[in-house]
1. State whether the residues of the stretch A:174-189 include one that is within 24 Å of A:Thr91 (Cα to Cα), crowded, with 17+ Cβ neighbours inside 10 Å and in contact (Cβ under 8 Å) with a residue 60 or more places away in the chain.
2. Write out, first by first residue and then by second, each pair whose Cβ atoms fall under 7 Å of each other, whose residues are 6+ apart or on separate chains, and whose first residue, in the stretch B:65-85, is more than 9 Å from every other protein chain (Cβ to nearest Cβ) and under 14 Å from B:Gln138 (Cα atoms) while the second is assigned to a helix (DSSP H, G or I) and modelled with pLDDT of 85 or more.
3. Could you identify the single residue in A:Gly63, A:Gly32, A:Gly17 that is under 21 Å from A:Leu137 (Cβ atoms) and small (Gly, Ala, Ser)?
4. Considering (1) within 20 Å of B:Phe184 (Cβ to Cβ); (2) within 14 Å of another protein chain (Cβ to nearest Cβ), say which one B:Phe22 fails and leave the rest.
5. Tell me which residues, restricted to the stretch A:157-170, are buried (at least 21 other Cβ atoms within 10 Å of the Cβ) and of a type in the set (A, V, I, L, M, F, W, C).
6. On the basis of being touching a residue at least 60 places away in the same chain (Cβ under 8 Å) and crowded, with 18+ Cβ neighbours inside 10 Å, does B:Leu150 make the cut?
7. Quick check on my filter: what residues within the stretch A:76-119 are without any contact (Cβ under 8 Å) to a residue 12 or more places away in the chain and either on the phi > 0 side of the Ramachandran plot or among the hydrophobic types (A, V, I, L, M, F, W, C) (or both)?
8. What's the total number of residues in the stretch B:10-49 that are more than 23 Å from B:Ala215 (Cβ to Cβ) and in contact (Cβ under 8 Å) with a residue 60 or more places away in the chain?
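The values are calculated or read from the model by the stated rules, or taken from the named source; none is laboratory data. No experiment lies behind these values; they were computed from the predicted model shown. Virtual Cβ from ideal backbone geometry, glycine too; neighbours counted across all protein chains shown.
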Amino acid sequence: MIDTSIIVTYWPNFLHGALVTLEIAFIGTLIGISLGTLLGVFQSGQNKFLRSLVALYVTILRGTPMLIQITFAVFVLPQLGITLPEFWAATIAIGLNSSAYVSQIIRSGISSISKGQIEAGKVLGLTHVQIIRFIILPQAIKAVFPALGSELITLVKDSSLASIVGVMELSKEAWYVRSRTFDALTVYCIIAVIYLLITGTISFILHRIEKRMNCNASH
Amino acid sequence: MLVIKNVTKTFGNKTILNHVSFDVQPGEIAVLLGSSGVGKSTLLRILNNLETKDAGEILLDGQPLQTTANAQQHTVGMVFQQFNLFEHLTVEQNITLALEKVDKKTAQEAHTIALQLLTHYGLADKANQPVTRLSGGQKQRLAIARALALKPKIICFDEPTSALDPLLTTHVANSIKELAEQKFMVIVATHDTTLLEKLPCTIYLMSNGSIIESAPSQDFFAHKNKFIRINNFVAGNS
């Protein structure tokens with residue numbers, strides 16, 4: 001049975017964990033979207049060297065488990081002289097991993113834009129960067145917005161992997177509370193509800209944004 | 001005056017344009033007439049810096065037509081077959097984008113120019129609507145307005161009437177005539193022979209990448225038998 005006293009006693013732990021989870025998700029998304037967009041643009045471009053470099057990056061980041069990437073950032077990088085606090089090492093690893101997936105989403109969005117749009121921009125005298133910035137990306141991002149939303153929700157859930165290196169996010173706080181109360185059922189039900197609240201809220205907001213974008217396009 | 005001299009273009013082993021030469025005076029409409037794949041659109045793409053020519057010269061007022069994006073932008077405008085309007089932008093933004101980003105006009109200046117053009121083409125009341133809400137004819141007019149915003153000297157039309165009904169074809173022909181009256185040099189690539197009856201123009205019939213016959217449209221319609229190849233093409237397409 002669910003023991004509600006655990007919520008009353010340990011709510012600061014759950015709140016702290018939820019906030020850290022949101023922090024990881026927010027920073028990870030910033031890294032993932034900005035770097036992933038840049039990589040997606042590079043991979044859709046003409047420069048073969050950049051395209052190959054991005055393809056290699058994506059292969060490595062998608063082909064290895066995120067858990068390994070997080071532990072690499074926390075335990076291997078210090079051996080190479082790069083030491084970061086666990087929170088930042090894990091968050092950056094999660095963001096970099098996400099960027100590999102985002103780059104492929106953006107690349108598919110860019111490839112859905114007709115060549116005629118780019119040619120119209122060229123004929124009007126827009127530079128390559130201006131064509132990407134004002135013509136390709138707005139349309140590409142709109143086309144792949146649902147996929148980007150899914151990636152953001154995945155990132156929220158993946159943030160739980162930061163617990164493996166001691167970051168006190170929601171899963172780690174749950175582990176701590178369970179070790180104090182020995183009530184796994186209540187603790188994991190609570191964090192499942194919190195995760196659902198977070199991802200549900202994000203889904204709702206994304207849905208509203210998507211609806212608004214579609215509305216703007218048709219009215 | 002625009003002079004196109006011996007322009008040649010090949011893709012692999014295929015010669016798309018074979019020593020194409022003609023000239024266009026300010027206020028003149030040159031119609032490149034021919035079936036699909038004869039090189040009409042390729043020539044327009046070369047003029048618009050979307051393709052490079054392999055050989056030949058293109059001179060504007062005696063000087064080589066600038067093909068770098070920056071200088072070219074104010075020289076040649078293009079109205080695409082599929083219009084290629086920016087569908088994520090409003091009607092007005094389709095015009096102001098290049099004015100602000102290329103011509104470095106302020107937002108207010110760009111707005112004023114856009115509104116003048118939209119008013120002229122009967123689209124002022126659509127200024128804030130997305131282009132997806134426009135009809136085919138309205139899109140065509142917006143595409144012309146967008147091409148004119150940067151004040152080019154030459155305007156190219158690629159198959160301007162291919163997707164339009166006869167009434168809209170007449171409207172497009174009137175817009176093209178108006179541009180010629182304003183002393184633009186107008187080049188139209190088309191296979192639509194009905195357009196010839198509506199435009200006072202010089203006809204250049206193309207086949208296999210070459211101009212095989214040319215005639216002022218008044219002369220052609222007055223003496224059809226003198227221009228056998230154009231006449232055959234028109235007869236075959238009517």
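1. Checked against the condition, which is being within 24 Å of A:Thr91 (Cα to Cα), crowded, with 17+ Cβ neighbours inside 10 Å and in contact (Cβ under 8 Å) with a residue 60 or more places away in the chain, the stretch A:174-189 yields at least one hit.
2. B:Val79/B:Ala143; B:Val79/B:Ile144; B:Val79/B:Ala147
3. A:Gly32
4. Going through the list (1) within 20 Å of B:Phe184 (Cβ to Cβ); (2) within 14 Å of another protein chain (Cβ to nearest Cβ), B:Phe22 breaks only (2).
5. A:Leu161, A:Ala162, A:Val167, A:Leu170
6. yes
7. Filtering the stretch A:76-119 down to residues without any contact (Cβ under 8 Å) to a residue 12 or more places away in the chain leaves A:76, A:78-85, A:88, A:114-116, A:119.
If the condition is that a residue be without any contact (Cβ under 8 Å) to a residue 12 or more places away in the chain and either on the phi > 0 side of the Ramachandran plot or among the hydrophobic types (A, V, I, L, M, F, W, C) (or both), then A:Val76, A:Leu80, A:Gly81, A:Ile82, A:Leu84, A:Trp88 are the ones that fit.
8. Counting residues in the stretch B:10-49 that are more than 23 Å from B:Ala215 (Cβ to Cβ) and in contact (Cβ under 8 Å) with a residue 60 or more places away in the chain gives 3.
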